[in-house]
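The values are calculated or read from the model by the stated rules, or taken from the named source; none is laboratory data. Predicted model only: the values in this text are computed from it and were never measured. Counting neighbours? That spans all protein chains shown, and the Cβs are built from the backbone with ideal geometry, glycine included.
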Amino acid sequence: MTEPFDPATLRQLDDPFPRYAELRAEASVVALASGRSAVFGYDTAAFVLRDPRFRSGTLGTLYASMLPPGALRDEMSRRINFLDPPDHPRVRGLVATAFTPRRVRDLRGWIDAAARRLVAELPIVDGTVEVMAGLAHPLPSLVVSELLGVSPERRDELTALSDAITPVFGTSVSAADRDRAAAAAEVMHGILGEEMDRRRTEPADDLLTALVGVEEDGERLSHAELMSLVATLYSAGHRTTRDLFGNGLELLVARDALPAASPDARLIDEITRLATPTHYVARFATEDVDVGGVPVAAGTPIMVFLAAANRDPVVFENPDTFDPDRSGPPALSFALGPHFCLGASLARVEVEAMFTALVERFPHATAADRPRRWHQRGPFRGLDQLTLHVA
Ligand code: HEM
């Protein structure tokens, strides 16, 4: 009998995928050390994500009870991905009227140019460049700032504040991390509040003006919901996009496949499947549910391991092989169902722009600093540094 799996141990594993394969083979629903349950297979994961009897609202309630009053509690307890019906479809529908595909399309040229500029500025040291600090880290947050229309001089600060909030998404959060996150949220909400006020007197063609308009247009989106949403766009769009790029780049350089890579939709699809940045999301059963033949009792917290589902051999042939020409169902990296990632198409544009800019500037780049040091912060898995030989 092996030890029950504890997701906190993920940070000690250089490669979690063999462990995921064992857990996927163990049962449709696996009992974890903490009393939670988890699913690792594609079909069970898709079932839990789509079935309305599994919800995320309990997480908002848990954060509300765990956090002291203040900006962080307001943000986490109203976060869109912790809302259930009827609030979730209301908020999501309103956001969708402002965060439209046109906005993402209109931003493409800006994103391409920003990626090229950041690549051009990467310092070359002894024939190598480090791409996380100078490219993958700043780009996603700069993009959210540009999308919202936040003043350029406040963008770096918002990136740092959103970083300080990220640790509260873990399964266990230290008091020091929580206090840092709470302080950061106060400052971040202050800045965002000023930006919103400015839009009321000086409307602009940006997402923040559109969202403020939705808030003022008949109180359908409360001010607290709007604040939580805007802060969420930073946190939801930052580390995830950064890590999708970094993990995908590591995958390509490990296979000496970067120089030949043409960053098209199929390549991004396959990277999204194999280099999943958000390893899991959580749901709660609101009633007794049968999941793949295993009864899950009402109230059970259930972790859905997207990264493991993406390598399920039942649906992906040779699942650990990198094959941009493969067929199969979509990867679950952006989830499925009512909480499907609102920024998926934006994230894809950003990752494609970073690959294109990097391959253009350094067509012969190869891996420099293997083995890599992986971090796992809550559900997010990625690299702090990734250095390439470019000369
Ligand atoms: C590679 C990049 C990204 C990944 C892997 C990713 C992943 C995810 C996942 C797994 C969820 C579902 C969470 C759940 O079901 O509990 C989600 C939701 C969400 N994502 Fe993303 N995301 C990415 C980029 C972005 C970007 C760039 C934005 C916006 C700027 C964004 C905004 C959101 C929002 C607002 C939600 C909540 C949707 C809802 O609850 O209805 N994401 N994302």
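Listed values, structure above:
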quantity	calculated
Residues of region 167-200 satisfying the condition of being over 18 Å from Met227 (Cβ atoms) and β-branched (Val, Ile, Thr)	Thr171, Val173
Pick from region 281-291, criterion buried (at least 16 other Cβ atoms within 10 Å of the Cβ) and not in a loop (DSSP other than H, G, I, E, B), ranking: nearest to the ligand (Cβ to nearest atom)	Val281
Every pair of residues 6+ apart whose Cβ atoms lie under 6 Å, when the first sits in region 274-290 and is over 9 Å from Ala307 (Cβ atoms) while the second is among the hydroxyl-bearing types (Ser, Thr, Tyr)	Arg283/Ser56; Phe284/Thr58; Ala285/Thr300
Positions within region 1-23 being in contact (Cβ under 8 Å) with a residue 24 or more places away in the chain, more than 23 Å from the chain's Cα centre (by Cα) and assigned to a helix (DSSP H, G or I), in sequence order	Leu23
Among (1) outside any strand (DSSP E or B); (2) in contact with a strand residue (DSSP E or B) (Cβ under 7 Å, 6 or more places away or on another chain), the one test that Val119 misses	(2)
Every residue from region 87-104 that is more than 10 Å from the ligand (Cβ to nearest atom) and of a type in the set (A, V, I, L, M, F, W, C)	Leu94, Ala98
Any hit, region 75-83, residues being of a type in the set (S, T, N, Q) and either surrounded by fewer than 13 Cβ atoms within 10 Å (Cβ to Cβ) or in contact with a Ser or Thr (Cβ under 9 Å, 6 or more places away or on another chain) (or both)	yes
Residue match in region 53-70 (condition: among the basic types (Lys, Arg), closer than 25 Å to Val143 by Cβ and within 20 Å of the chain's Cα centre (by Cα))	no
Count of region 24-50 residues which are in contact with a strand residue (DSSP E or B) (Cβ under 7 Å, 6 or more places away or on another chain) and not in a helix (DSSP H, G or I)	11
Lone qualifier among Ser333, Ser345 - being of a type in the set (S, T, N, Q), more than 22 Å from Ser37 (Cβ to Cβ) and either modelled with pLDDT of 95 or more or surrounded by fewer than 22 Cβ atoms within 10 Å (Cβ to Cβ) (or both)	Ser345
Within region 292-385, strands (runs of 3 or more DSSP E) holding 1 or more residues that are within 16 Å of the ligand (Cβ to nearest atom)	301-305, 374-377, 380-383
Residue ID - farthest from the ligand (Cβ to nearest atom), chosen from residues in region 59-86 that are touching a helix residue (DSSP H, G or I) at 6+ places or on another chain (Cβ under 8 Å) and either under 30 Å from Glu26 (Cβ atoms) or of a type in the set (Asp, Glu) (or both)	Asp74
